Amino acid sequence: MPKVVTDVTCPFCGTLCDDLEITVSDDNKKILSVKNACAIGAEKFNHTKEPGRVTHPRMRQPDGTFKEISYDEAIDFTARMLVKSRKTLMYGWASTSCQAMSIGHEIAEKVGGIVDNCATVCHGSSLIAIQDVGIPSCTLGEIKNRADRVIFWGCNPAHAHPRHMSRYSIFPRGFFTVKGHKGRKIYCVDCRHTDTARVADTFIQVQQGYDYELLNAFRTAARGGPLPDEIGGVPKEKVYEVVEELKTGRFGVIFFGMGLTHTLGRNHNIDIAISFTRDMNEFTKFNIIAMRGHWNVTGSGQVLSWQYGFPYAVDLSRLDKARYQTGETTSVDLLTRNEVEACFYIATDPGAHFPIAAMISSSKKPTVTIDPHINCTTEISDVHIPVAMVGVETGGCAYRMDNVPIETRKVVDPPEGLLTDEEVLTRILNRVNQLMEEA
Amino acid sequence: MSEFLIKNGYVYDPSQGINGERHDIAVKDGKIVESASSGATVIDAKDKAVMAGALEIHAHIAGPKVNVGRWYRPEDKLFHSYKRGESTRIEGGFSIPTVFKTGYEYARMGYTFAMEAAMPPLYARHVHEEIHDTPIIDEAALPVIGNNWFMMEYIKNNEIENNAAYVAWLLRQTKGYGIKIVNPGGTEAWAWGLNCLTIHDPVPYFDITPAEIITGLIQTNEFLGLPHSVHIHQNSLGLPGNYTVTLDTLKLAEGHTAKNRFGRKQVMHSTHLQFHSYGGDNWGNFESKAREVMDYVNRQENITIDTGNVTLDETTTMTADGPFEHHLHGLNHLKWANVDVELETAAGVVPYIYSPNIKVCGIQWAIGLELALFSKDPMRTFITTDHPNAGPFTRYPRIVTWLMSKKARDDQIKAFKYSDKVVDATEVASIDRELTLYEIAAMTRAGPAAALGLSQNYGGLAPGMNADIAIYNFNDETTDPAAIEKAYGNVAFLFKDGKICVRDGVIVDPGMKHTFWVDVKVKENKQVMHDVREKFLKYYSVNEGNYLVPESYAPHQHVIALDATQ
Ligand code: SF4
Ligand SMILES: [Zn+2]
């Protein structure tokens, strides 16, 4: 009899929907159907069915081909690489559990690694802004229950976080929002007319690179100050009108994404968006939330913070204290300046996301990648260690974009013989300890 | 397990009335025993003070707002990293230390237990993840319930039994220890940008007052017979003139008696009272009302308090009192973080500098000390800094020094930029009292243990009790303030569960920490379970099935099981 696993958390995006229902075969080996997930979320579960899954560690040969090796060999290679290297970039972590991260950090403390996560090329600028000006925020349930003014700025949940709008931000009816969508005014600010803009009541097309100016105009308008006729292509009348509407709301929220974090101004864009939010609290209730991408990139920031006090780019290479300096201890900078001796990647694909110069530098260093699948990064690695998919074939804690922790579940068995991240990391840690004792 | 004999020390144990007499203490298999065999390792405690491990009754050391404080203040790490020891993890941070540093620092001061004072239920898993990673010390966490929608609805309808069933369910879900109330009603109002500043301000929409919430929760607590009483952070925290609200709140305890099997006598623990003992009506005529407040507390046997001592440091304030943090940000304009939590609570974070050059900070410093010095019953008055709100817990050695030495206080008063104004607005300069080690032991060991319902096994040194023991390089003869501070900050020995974890201020063993939580059995309650189901379906953003914190998150859990079905 196939069985249904309920309350399953989707390990794909930062929305971290936890209402999935997955039907699995009675031998626990096959996913038969996925209910409630969006297309990209369902795809992640259905991926397990595809043939050609790597089930053994692989080592690159001089001729460029890969040869299967045992876990023991792979773990020994990794441990030796880590012990030898004085500075290892240990990057990724966004698609694994907090428990696995914790073990990884212990390894990093031993061998002098630099632990960095995807925020480094994503919401790192948001984190910097928050370190400068703080952040008034709330959980996503607050939006559902109270928000009547919702702004999407430089983000496109229709594609990147597909169920965000139906679960939290546009459509749901909550305690004080019984009219659902009808009771909310939705705004979208973007340089393109996105699919999210289509659902908005008001679309504000800002000229590319003018987000800072426009947010500045919002702040000025909120304080009743004068504006030039046009700001980043938006007429001042529009700005006054929108800000007035926001003020008459009972509870407003700004969701923002890469359109703010990675365009001209970067952390300054977030800084002023937060400052505008703070100002609005003089008139009504207002909050702001970052649309975090990978399902557990937030968790990596949390674990790093409670263990070392910094949310990403944590340099433990001094062995006795943690350091953090954006531009200095951040992955891309370390790689492009050739400052690390080895690379250890886990649960993310920098090969697909980092600038080419950084990956060229990386490809010249001893590299181990731990990932369930073959990806751009595994192909430039010396060793690829395949593992069970976290959130599908093994569980563990994850943090949603609003920092709410939710458990991911194991719904099916991993392919025979495949270890989990936690198991592989524990074995690496043990081997590192052994090697260091011997030395 | 090993056996120890601690010889020749001066023992301070108010739970047995032992005041500085020489006693040998024997330890076997993690417990204190009557006598040791000849094979026991002898620890020479000559000239040293021997006390039970201390219990922290109120600190913010684990969870979402603490972690915001950590990561949004990289500057807090500057100059505050320890060189790493042999068997320890990397340590960092000053006002909001990392989990590793938190455990080690408590242990170095002789603490073996700490209560995380505000756990937002929706974030309970996060709180427990941090507790899990904090070495050596035992911990527990109080879920914040004073603005919870279920609770407000039950209490409004006078359904104490339903509220009790809900609280029992919540404690099990969150692996929580008791009932924490923060700015009752005011934090819910804050979700609309409003507040409740007196105990009679109605909560928007919910049509209930803070006074009704507090009374209802006291009844709920005693209905369940929890080991701890309600633990309250009152309305109007931090505002000039708030002592009247404080007295109004404390009076709500009148007529209630503690019902429990743990020997706990109080029905209300009023926390960080320093922030609630303010006179004047603006920052210009701001003054101490510690005497008025303590006169009342001294008379009321069923109240306990902790001080919330200002340590005169740069620190990071954080509280579930969302509107207060917004107000504070308006005063100092430093970076403001806030999180409102659906159906439950909120939290704010703002850095703060308690400068000896600012009159108000000097007065706050004085008020905290006055509370302890005016106390007639050290068993009901506990020392805290409401870490990190009035200062980091790592300043306990300095606070103890101020309390034990008039000279240390006078030196500090002299060092204030506005000494005269501080002296005018307070009574601290005219107080001669110097607390004894026996009184300090009551305020940090026996007292908090009793208030938490843990006095059977913790906070004392009687045979049969847990072998959590701190040995300090000082005694009642020690008068030099610097010597007191140094000794209290670096235990000669710390035994945790009968094992030596700290030696001469150096961590030598990671210990085996326990997470304490309370599991109450109540009568099956269909109504409450129906309400839970409905609220999760309609209003929460997570599924009911994912709310529970599994027991695997509570390392070596110490479950206090209760039966409230009779
Ligand atoms: S919105 Fe994100 S978390 Fe939710 S089902 Fe889709 S991919 Fe998964
Ligand atoms: Zn507190």
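The values are calculated or read from the model by the stated rules, or taken from the named source; none is laboratory data. Quantities reported herein were computed from a predicted structural model and do not represent experimental measurements. When we count neighbours, we look across all protein chains shown, and the Cβ atoms used for this are built from the backbone with ideal geometry, even at glycine.
Residues checked against (1) over 28 Å from A:Ile128 (Cα atoms); (2) in contact with a helix residue (DSSP H, G or I) (Cβ under 9 Å, 6 or more places away or on another chain); (3) at the interface with another protein chain (Cβ under 7 Å from one of its Cβ atoms); (4) crowded, with 24+ Cβ neighbours inside 10 Å:
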| residue | (1), (2), (3), (4) |
| --- | --- |
| B:Gly63 | no, yes, no, yes |
| B:Gly69 | no, yes, no, yes |
| B:Glu75 | no, yes, no, no |
| B:His80 | no, yes, no, no |
| B:Lys83 | no, no, yes, no |
| B:Ile90 | no, yes, yes, yes |
| B:Val99 | no, yes, yes, yes |
| B:Ala107 | yes, no, no, yes |
| B:Met119 | no, yes, no, yes |
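Just so you know, in segment B:535-552 the residues that are within 7 Å of chain A (Cβ to nearest Cβ) and closer than 25 Å to B:His132 by Cα include one that is surrounded by the most Cβ atoms within 10 Å (Cβ to Cβ), and it is B:Val542.
Can A:Gly154 be described as within 14 Å of chain B (Cβ to nearest Cβ) and more than 16 Å from ligand 1 (Cβ to nearest atom)?
In short, no.
Looking at A:Ala398, A:Ala388, just one residue is within 14 Å of another protein chain (Cβ to nearest Cβ) and within 24 Å of B:Pro550 (Cβ to Cβ), and that residue is A:Ala398. Applying the criterion of being in a helix (DSSP H, G or I) and of a type in the set (Ser, Thr, Tyr) to the residues of segment B:223-281, the residue that is nearest to B:Thr426 (Cα to Cα) is B:Tyr243.
Considering only residues in segment B:282-295 that are buried (at least 17 other Cβ atoms within 10 Å of the Cβ) and part of a loop (DSSP other than H, G, I, E, B), the one that is farthest from the chain's Cα centre (by Cα) turns out to be B:Phe286.
Any chance you could count how many residues in segment A:38-50 are more than 13 Å from A:Val392 (Cα to Cα) and either in contact (Cβ under 8 Å) with a residue 60 or more places away in the chain or surrounded by 14 or more Cβ atoms within 10 Å (Cβ to Cβ) (or both)?
The initial filter retains those residues of segment A:38-50 that are more than 13 Å from A:Val392 (Cα to Cα), namely A:38-40, A:50.
Adding the requirement that they be either in contact (Cβ under 8 Å) with a residue 60 or more places away in the chain or surrounded by 14 or more Cβ atoms within 10 Å (Cβ to Cβ) (or both) leaves A:38-40.
The qualifying residues number 3.
Filtering segment B:139-152 for residues that are free of Cβ contacts under 8 Å to residues at least 60 places away in the same chain and within 14 Å of chain A (Cβ to nearest Cβ) leaves an empty set.
Does B:Asn298 satisfy the condition of being assigned to a loop (DSSP other than H, G, I, E, B), polar (S, T, N, Q) and either modelled with pLDDT of 95 or more or over 16 Å from the mean Cα position of the chain (by Cα) (or both)? First the steps, then the outcome.
Details: assigned to a loop (DSSP other than H, G, I, E, B): no; polar (S, T, N, Q): yes; either modelled with pLDDT of 95 or more or over 16 Å from the mean Cα position of the chain (by Cα) (or both): yes.
Considered against the rule, which asks whether it is assigned to a loop (DSSP other than H, G, I, E, B), polar (S, T, N, Q) and either modelled with pLDDT of 95 or more or over 16 Å from the mean Cα position of the chain (by Cα) (or both), B:Asn298 comes out as no.
When B:Ala415, B:Ala441, B:Ala462, B:Ala451 are checked against the criterion of being farther than 17 Å from B:Glu287 by Cβ, in contact with a His (Cβ under 7 Å, 6 or more places away or on another chain) and either within 14 Å of chain A (Cβ to nearest Cβ) or away from ligand 1 (no atom under 16 Å from the Cβ) (or both), a single residue qualifies: B:Ala451.
Just the residues that are within 14 Å of chain A (Cβ to nearest Cβ) and either in a strand (DSSP E or B) or within 14 Å of ligand 2 (Cβ to nearest atom) (or both), please, taken from segment B:301-323. Walk me through it before giving the result.
Step one: filter segment B:301-323 for residues within 14 Å of chain A (Cβ to nearest Cβ), giving B:316-318, B:320, B:322-323.
The answer is B:Thr316, B:Thr317, B:Met318, B:Ala320, B:Gly322.
The set of residues in segment A:231-258 being aliphatic (A, V, I, L, M) and either within 14 Å of A:Ile289 (Cα to Cα) or part of a helix (DSSP H, G or I) (or both) consists of A:Val239, A:Val242, A:Val243, A:Leu246, A:Val253, A:Ile254, A:Met258.
A quick yes/no check of all residues on (1) of a type in the set (Lys, Arg); (2) surrounded by fewer than 21 Cβ atoms within 10 Å (Cβ to Cβ); (3) within 13 Å of chain B (Cβ to nearest Cβ):
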position: A:Ala313; (1), (2), (3): no, no, yes
position: A:Ala322; (1), (2), (3): no, no, yes
position: A:Thr329; (1), (2), (3): no, no, yes
position: A:Val340; (1), (2), (3): no, no, no
position: A:Ala347; (1), (2), (3): no, no, no
position: A:Ile356; (1), (2), (3): no, yes, no
position: A:Thr369; (1), (2), (3): no, no, no
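Residues B:Ala366, B:Ala372, B:Ala390: which one is buried (at least 21 other Cβ atoms within 10 Å of the Cβ), away from ligand 1 (no atom under 16 Å from the Cβ), outside any helix (DSSP H, G or I) and away from every other protein chain (no Cβ under 14 Å)? Result of the check over B:Ala366, B:Ala372, B:Ala390: B:Ala390. Right, B:Val68: within 24 Å of the chain's Cα centre (by Cα) and of a type in the set (Val, Ile, Thr) or not? Considered against the rule, which asks whether it is within 24 Å of the chain's Cα centre (by Cα) and of a type in the set (Val, Ile, Thr), B:Val68 comes out as yes. Inside segment A:116-126, residues that are within 14 Å of another protein chain (Cβ to nearest Cβ) and in contact with a Gly (Cβ under 7 Å, 6 or more places away or on another chain) make up a count of 2. Exactly one of (1) within 14 Å of chain A (Cβ to nearest Cβ); (2) free of Cβ contacts under 8 Å to residues at least 40 places away in the same chain is unmet by B:Cys196. Its number? Only one criterion in (1) within 14 Å of chain A (Cβ to nearest Cβ); (2) free of Cβ contacts under 8 Å to residues at least 40 places away in the same chain is unmet by B:Cys196, namely (1). Highlighted here are the strands (runs of 3 or more DSSP E) found entirely within segment B:468-566 that include at least 1 residues which are under 23 Å from the mean Cα position of the chain (by Cα) and under 26 Å from B:Pro392 (Cα atoms): B:469-472, B:493-496, B:499-503, B:516-521. Among all residues of segment B:253-274, there is at least one that is away from ligand 1 (no atom under 16 Å from the Cβ), buried (at least 24 other Cβ atoms within 10 Å of the Cβ), farther than 30 Å from B:Ala561 by Cα and away from chain A (no Cβ under 14 Å). Considering only residues in segment B:121-136 that are in contact with a helix residue (DSSP H, G or I) (Cβ under 6 Å, 6 or more places away or on another chain) and farther than 20 Å from A:Glu106 by Cα, the one that is farthest from the other protein chains (Cβ to nearest Cβ) turns out to be B:Pro121.
Against the list (1) in contact with a Leu (Cβ under 7 Å, 6 or more places away or on another chain); (2) in contact (Cβ under 8 Å) with a residue 60 or more places away in the chain, the condition A:Asn403 fails is (1). Of the residues making up segment A:249-261, at least one is touching a His at 6+ places or on another chain (Cβ under 6 Å), away from chain B (no Cβ under 14 Å) and surrounded by 23 or more Cβ atoms within 10 Å (Cβ to Cβ).
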